[in-house]
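Since the structure comes first, as structure tokens, the remarks are kept for the end.
Values in this text are rule-based calculations from the coordinates and carry no lab data. Note that this is a predicted model, so its numbers are computed, not measured. A quick note on method: Cβ atoms are made from the backbone with ideal geometry, for glycine too, and the neighbour counts reach across all protein chains shown.
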Amino acid sequence: MHEMSLALEVCRLAERQVGRAALGSVTAVAVIVGDDAGVERENLAFCLETLLAMPPFAGARPVLVAVPGDELRLDYLELDDGRQDD
Amino acid sequence: MAVRTIEVRERLMAKNDEYAAQVRARLAAAGTVALNLVSSPGSGKTRLLERTLAALDAGLPMAVVTGDVQTQNDADRLARHTSRLVQAVVTGGACHLDARQVLEALDAIDLPATRLLFVENVGNLVCPASWDLGEAARVVLFAVTEGEDKPLKYPKMFRTAHYAVLNKVDLLPHVPFDPDLAEANARQVNPDLRFFRTSAHTGLGLDAWFDFLRGLVEAGRPAGVAG
């Protein structure tokens, strides 16, 4: 079940990107998962939901994007930057 | 709420691949050829390595890194056939070896005195396919007690392998298994696969396997494999 290893790597990359203190502000984590990446998307989504529900995260939503090929990468993060909408 | 989007676009395997590159560099510097041995549980990886160590180790110094979810039973079995190091990695539940584990295992191996390194991966035809361990080539085993359609069911493993060993062929008279169909299925996934048919139990076909390994070490790397 290497999906949990991959989910942990997603969390590590997110922390490196925004810093640990900002992880609670992350609202969405988007991962591109190729059809031939050897990854069960529902399984990865479950692992991410579990990890993103726990501190230092605060319930960010996993977004898994299916593409052809074997691509497997963290695509983008969405953050609530605390400001009111203009 | 104002939402800010941060583009990351980073490969999830990037860190593993960094470690794999370090493994590859250390092996290249030492002149050691490494093979990553993968299969489902019970296909005969450990038995094949036992026979290989017993037959070749005297003239072809080898080391083995074994990966198991629990126990170091495979390492203990292999250590009976060689005075050289067999390094066990117990993954503690993980279904595959990663390159960091192999890099750490290399610290315990006298690489310049090792011509051939086997990495016996965790028995699993799914997860190990995704993890580059820094090997020169990947060898996938399957046995005649499995289905001929294994390559079609687990295409990534067979697509990323360079060599295939069809093992337990001594059982062919007793099981409904068509080895030609199995090879055809594998070549449908990966036309470049080179096949060996062996019985690690009786020794059938092992001479060709041993000759292949000798040639591999002589050449310094697998024929037709980049790197």
State to the nearest 20 debye the size of the charge dipole of the protein assembly as shown about its Cα centre, where the only charges are +1 on K and R beta carbons and -1 on D and E beta carbons. 760
Neighbour-count order for B:THR46, B:THR32, A:THR27, fewest beta carbons within 10 angstrom listed first: A:THR27, B:THR46, B:THR32
Taking only Cα atoms of chain A, the Rg to Rh ratio with Kirkwood Rh works out at 0.99
Could you name the lysines whose alpha carbon sits less than 20 Å from that of B:LYS150, not counting residues in the same chain fewer than 8 places away? B:LYS45, B:LYS168
If one computes the Cα centroid of region B:196-218 and of region A:40-86, what distance in Å separates the two points? 47
Suppose R0 equals 30 Å; then what is the FRET efficiency for B:LEU204 and B:ASP149 from their Cβ-Cβ distance, rounded to the nearest 0.05? 0.80
Counting only DSSP beta bridges fully inside the protein assembly as shown, the antiparallel percentage to nearest 5 is 30
Exposure proxy ranking, count of Cβ atoms within 10 Å, fewest first, for B:HIS201, A:HIS2: B:HIS201, A:HIS2
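Taking 0.36 nm per residue of separation and subtracting the Cα-Cα distance, what length does fully extending B:ALA21 through B:ALA108 add?
Separation in residues times 0.36 nm, less the Cα-Cα distance, equals 29.5 nm.
Which order do B:LEU117, B:LEU213 fall in if you start with the one that has the fewest other Cβ atoms within 10 Å?
B:LEU213, B:LEU117
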All other residues with a Cβ under 11 Å from the Cβ of B:CYS127 taken together, and with Lys, Arg as +1 and Asp, Glu as -1, what is their net charge? -2
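What is the gain in length, in nm to one decimal, between B:ASN73 and B:LEU172 on full extension, counting 0.36 nm per residue of separation less the C-alpha to C-alpha distance?
Extra length available between B:ASN73 and B:LEU172 comes to 32.8 nm.
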Shielding score for A:26-39, defined as the mean number of other chain Cβ atoms within 10 Å: 3
Nearest 10 degrees, 0 to 90: what angle lies between the long axis of helix A:41-52 and the longest principal axis of chain A (Cα atoms)? 30
